[in-house]
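*Asks:* Have a look at this one.
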Amino acid sequence: DGDADLLARNSSTKDLHLYRGNGSGGFQSGTGTAISNNWANFDLIFSVGDFDRDGDGDVLARSSSTKDLHLYRGNGSGGFQSGTGTAVSNNWGNFDRLF
């Protein structure tokens with residue numbers, strides 16, 4: 001919809017929740033929508049915009065164990081394409097922040 005959104009991981013369930021932007025510097029009313037569950041295997045999760053240039057927002061996540069980066073391609077409706085993420089780069093363990 002062209003408005004900036006926010007992804008958040010629940011600290012207990014490790015599910016990802018989408019908070020849709022309202023276009024005025026805030027968020028649409030409600031509590032957000034759970035869009036994907038069990039992201040416990042990742043220590044960093046961040047949006048990279050449209051990484052694969054298909055017009056949909058994507059997410060990169062770093063594996064807690066291998067420190068490899070995995071790309072999760074957006075499906076255009078607030079979720080991700082089916083399947084697991086694609087490993088796109090290895091050994092990012094020397095970094096404590098990625099953005």
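*Asks:* Restricting the first residue to the stretch 73-99 and requiring it to be in contact (Cβ under 8 Å) with a residue 24 or more places away in the chain and charged (D, E, K, R), which pairs with a second residue that is open to solvent by 90 Å² or more (accessible area, probe 1.4 Å) and not in a strand (DSSP E or B) meet a Cβ separation below 7 Å and a spacing of at least six or different chains?
*Replies:* The qualifying pairs do not exist here.
*Asks:* Another question, if that's okay. Go through the stretch 55-79 and count every residue that is on the phi > 0 side of the Ramachandran plot and among the acidic types (Asp, Glu).
*Replies:* 0
*Asks:* Here is a follow-up. Which residue pairs have Cβ atoms closer than 8 Å, lie 6 or more positions apart in sequence or on different chains, and pair a first residue in the stretch 26-47 that is without any contact (Cβ under 8 Å) to a residue 60 or more places away in the chain with a second residue that is basic (Lys, Arg) and not in a loop (DSSP other than H, G, I, E, B)?
*Replies:* From the stretch 26-47, the pairs are Trp39/Arg9; Phe42/Arg62; Asp43/Arg62; Leu44/Arg62; Ile45/Arg9; Ile45/Arg62.
*Asks:* Give the residues of the stretch 87-99 that are in a loop (DSSP other than H, G, I, E, B) and at pLDDT 90 or above, sorted by residue number.
*Replies:* Passing the criteria: Asn90, Asn91, Trp92, Gly93, Asn94, Phe95.
The values are calculated or read from the model by the stated rules, or taken from the named source; none is laboratory data. The structure presented is a predicted model; accordingly, all values stated were derived computationally and were not measured. Neighbour counts are summed over all protein chains in view; Cβ atoms, including those assigned to glycine, are modelled from backbone coordinates with ideal geometry. Note: accessible area is taken over every heavy atom of the protein model, side chains too, but ligands, DNA and RNA are not part of it. Shrake-Rupley method; radii C 1.70, N 1.55, O 1.52, S 1.80 Å.
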